[in-house]
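*Asks:* To start, I am sharing the structure in question, which I have written as structure tokens.
None of the figures in this text is laboratory data; all of them are computed from the coordinates on show. A quick note: this is a predicted structure, and the numbers were derived from the prediction, not measured. Cβ atoms come from the backbone with ideal geometry, glycine included; neighbour counts cover every protein chain shown.
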Amino acid sequence: VGLIHNPANNGLSGKKLAYYTLGHLIKQTRGVAWDSINKIDVGKPDVMVFKMLKNNHPFYIAWKDTP
């Protein structure tokens with residue numbers, strides 16, 4: 001668990017894919033008006049969609065909690 005491999009645990013060293021994913025998410029959400037978030041019901045309990053404003057334009061974040 002974590003963003004960086006611990007070489008003491010598995011012999012690997014370096015950043016995991018999650019590290020780069022989090023960095024990308026942070027870059028993409030710069031300028032988002034966090035007080036403008038609205039959850040959108042897409043009719044599937046394992047799918048989350050949120051709409052917000054980024055630089056006065058609609059911006060969406062979506063993910064699925066199941067494989």
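*Asks:* As an exercise, use a Förster radius of 30 Å and the Cβ-Cβ distance of TYR19 and THR66 to find the FRET efficiency, rounded to the nearest 0.05.
*Replies:* Between TYR19 and THR66 the formula returns 0.80.
*Asks:* Then there's this: Calculate the FRET efficiency for MET48 and ILE4 from the Cβ-Cβ distance with a Förster distance of 25 Å, rounded to the nearest 0.05.
*Replies:* Rounded to the nearest 0.05, the efficiency is 0.40.
*Asks:* Determine the equivalent ellipsoid of the chain by diagonalising the alpha-carbon gyration tensor, then write out the semi-axes as square roots of 5 times the eigenvalues, largest first, rounded to whole Å.
*Replies:* Taking √(5λ) for each eigenvalue gives 31, 17, 7 Å, largest first.
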